[in-house]
1. How much length is gained if the chain between residue 654 and residue 86 is pulled fully straight, taking 0.36 nm per residue apart and subtracting their Cα-Cα distance, in nm to one decimal?
2. Nothing charged except the Cβ atoms of Lys and Arg (+1) and of Asp and Glu (-1): what's the magnitude of the dipole of the chain about its Cα centre? Round to the nearest 20 debye.
3. As I understand it, the value is the acute angle between the Cα axis of helix 13-29 and the longest principal axis of the Cα atoms of the chain; what does it come to in degrees, rounded to 10?
4. Size of the dipole of region 1-159 about the Cα centre, Lys and Arg at +1 and Asp and Glu at -1 on the beta carbon, nothing else charged, in debye to 20?
5. Let me check I've understood the local charge: for residue 175, count other residues with C-beta under 11 angstrom from its C-beta, Lys and Arg +1, Asp and Glu -1. What total comes out?
6. With a cut-off of at most 16 other beta carbons within 10 Å, and DSSP calling the residue loop, which trypsin sites (Lys or Arg not before Pro) in region 487-566 qualify? Please list them.
7. Excluding residue 286 itself, what net charge comes from residues whose Cβ is under 14 Å from its Cβ, given Lys and Arg +1 and Asp and Glu -1?
8. Can you show me the helix-derived [θ] at 222 nm for the chain, built from DSSP H runs with n ≥ 4 at -39,500 (n - 2.57) apiece and divided by the number of residues, rounded to the nearest 500.
Amino acid sequence: MGFAKICFSLVHLVPILPLLGAIVNGFLTFLGRKVPKGLTAFIACGSLFAAFLISAGTFLYVTGLPEEAREITITLFPWIDLGGFKADVAFLIDPLALTMMLVVTGVGSLIHLYSVGYMHDDPGFSRYFSYLNLFCFAMLTLVMGANVPMLFVGWEGVGLCSYLLIGFWFTDQEKAAAGMKAFIVNRIGDFAFLVGFLLLYWTLYSLGTPTVTFTEIRDAAPMLVGKTWNGVPVLVLVTLLFFVGATGKSAQIPLYTWLPDAMAGPTPVSALIHAATMVTAGVYMIGRMSGLYSLAPETRMIVSTIGFSTAMFAAVIAFAQNDIKKVLAYSTVSQLGFMFGAMGTGMYAAGIFHLVTHAFFKACLFLGSGSVIHAMRGEQDIQKMGGLKEHMPITYKTFLLATLAIAGIFPFAGFFSKDEILWQTFNQYKVLWTVGLVTAAGTAIYMFRMVTLTFFGKCRADEHTKHHLHESPATMTIPLIVLAALSVAGGFLGVPEALGHLVGWHHSNLLERWLEPAFVLPKAPAMAPHAVEYGLMVLSLAVAIVGCLIGYTLFSKRAEGVDSLGRASDIPEALAARFPGLHRAMQNKFYVDEIYQAVFVNNLLRLNDFLAKFDLRVVDGIVNLAGFLTKVGAYISGGFDRIFVDGLVNLVANITRWGGAGVRRLQSGQIQTYLYYTVGGVLLVVLYRLL
C-alpha cells in the first residue's frame, strides 16, 4: 500500500487531529506555567502538520483516479434521524474539498509555526494554541462536510473561534468588544443562511426529495426551476439567503464591518482568519452550492455587483488608513470582493483560484506586518515607521514580493488569478470589469503607499524604538520565506490558456482543470477572441505597474521624513487639503460604523429600553393590579363568609339550641307534671270545642 493510499485511508483524521490538539492544549491550559511551551507548540503544530501530510497524500491518491471517480463520500456514523430528516457525520472528498484542505492545513501550519515565536512570551500560550487548533478543526469540518448540517456546524464553529481569538486578550475592553462585534454581526448572516437552508429542505421535501447532502441537492436542483414561494422563485430566494450568510462570513457589504475590527486579536490570528479560514467560507459555500447558483442568474448578477462594489469601496477606505493591519484588513475585504465577483460570473474555478493565491500573499503580508509590529515594540502606525528594510531584510523582501503579488504584477501569483477574474467579468459585465480594473489600480497604489512608508526612507520612530529594531527569529521568518515563494510561483497553477498556447503549453490552467468537475457550470457566455484577452492582460499589467509607481512616488518624500505640511510638492497632503471632507470621510471609513450605531444599535437599545420599561410598568403593573384586586376580592369574600354565611349558620344553630333548651325543660321526668300537662291539654281541647 503506497503512501498516498495510506493517507486516503486516514483522511477522516484530518479534522480530528487538530481537534485532539485543541483538547490536549486546552487541558494543559489548566496546568498553567508548569507546562513546557515546547510541548504545547509540538502538539499544536504537529497535529496540524500531520493533517497537512494526510491531505497532501490524499490529494495525490485522488489525482490518480479517473475524473469521474474523484468524488468520494466517507460516512463515519449516523447523526440525525428525525421525522424523515436524516444527516450523517460524513465527509465529501472531491477536488474542491481537497483544495481547501490543503490551503487550511498548509497555510495554517505555517501560521502555527510563526505563532510559536510571536506568542512566546504571552502567558496564555497554551490557551492560544488550543483556540488556534480548534479554529482549524471547525474550518476543516466546514470544507469536508458532505451535507449542509455538517457545513453549518463548521460555519458556526469558525464564528465561535473567531470570537475567542479576536477577543483573546479579553481583559482589554476594546479587544473584547471587537470579538463580540464579530460574533454578533456574523449571527445576522447565519440567521439568513439557516432560513435559506430550511426553505430549501422544505421545498425539496414537498417535491419528494428530502435531502441535505450536497451531491443529492446538486442532482435535485433542476427540480426547483419554476417553483415559487409567495410569487418569488425559490431558487432566487434560497441562493440570496445563502449569499446573505456569505456576506457575514466573508465580510461583504453590508456585513463587512467586523473584519477590520478583528485586528484586535494577535496578528497570526488575523493571518489565519484573513487567509486560510473564516473569510473564505462564503466563497467556498457558493462553489459548493454551484448546482443552485448556476440556475439562478439573477442572484449571480447580485453576487457580482456586491462583490465588485465591496472591492472598490474597501480599496478607497484603505487609501487613508495608517494602521498597517487596518490597511491589510480592508485589502482583504477588497480581494474577497474580487472572489465574489468571479463566483457571480459562474466561473467558480477562477474565484477559488484567487482564494488560493490570496491565501499565500495575504498570509505573508499579515505575518510580515506582525514581524514589523514585533520589531517596533507594538507600534502599528505606518506614519511612525520608515527605513525598516535595512533592519529587517527578510521581512522586507518577503513583504515586497507579497505586495507585488497582490498588486497583480507579472509573473507573481496575483497577476494570474486577478487577470482570470477580470477576463471572465469582461465577457459578461463590462461595467463591473471597469470597476474591477480601477480597483486593481487602487490596490497597487495603497499597497505601495504602505510599503514605502514602512520600509523606505528614514525611520520616524522614537530613539528607544530605533534601538530595538531587529529581524524576527527563524520561527517567524521561515514561514515568511515559504509564503513569499508561494506568492511568487503560486500563479502558475492557473496560467490562462491563452498564455499557455503562446508558449506551446496546452491545458496550462491546471487548477481550473482540476476544479471544474466539482462544479455545475452555467451556460458559457460568448467569449471575446484571444486578441482581446491579450490586450486586456497588457492593460491590467500596465494599470498595476502604474499604480505601484504612483504609490511609491507619491509617498517616497514622506518616507524620507520630510515635513510635508504646506508643501505643494507633497501631492497626498495637497489633495487632502483640497478635499478635506472626502479625506476625513475616508479616514473615518465613511462613518459606516457610526451609521450602523445610530440606525441599528442605538435604536435597538432604545427598543430594549422601551420594552424593559413596558415590562416594568405595564406588564408588572397589570400583574400587581390583578394581585391587588384578587386580595380585595378575597377580603370581601372572607368578610361575607365570616359575617353572613357563618352568621346564618350560627343563627340556625342558636335557634336550634334555644329550641332544644326550651323543649328540654318540658322533659322534667316528673309524672305529676306530665299529668298536669295532659289535663291542661284536655281542658283546652274541650274548651275549644265548646266555644
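1. Working it through step by step, the gained length comes to 196.7 nm.
2. 1800
3. Once rounded, one gets 70 degrees.
4. I would put it at about 580 debye.
5. -2
6. Those that pass, being in a loop and sparsely packed, are 523.
7. Charge balance in the 14 Å sphere: +4.
8. Rounded to the nearest 500, it is -23000 deg cm²/dmol.
The values are calculated or read from the model by the stated rules, or taken from the named source; none is laboratory data. These figures come from a predicted structure and were not determined experimentally. Neighbour counts are summed over all protein chains in view; Cβ atoms, including those assigned to glycine, are modelled from backbone coordinates with ideal geometry. Keep in mind that these areas ignore ligands, DNA and RNA; they rest on the heavy atoms of the full protein, side chains included. Shrake-Rupley method; radii C 1.70, N 1.55, O 1.52, S 1.80 Å.
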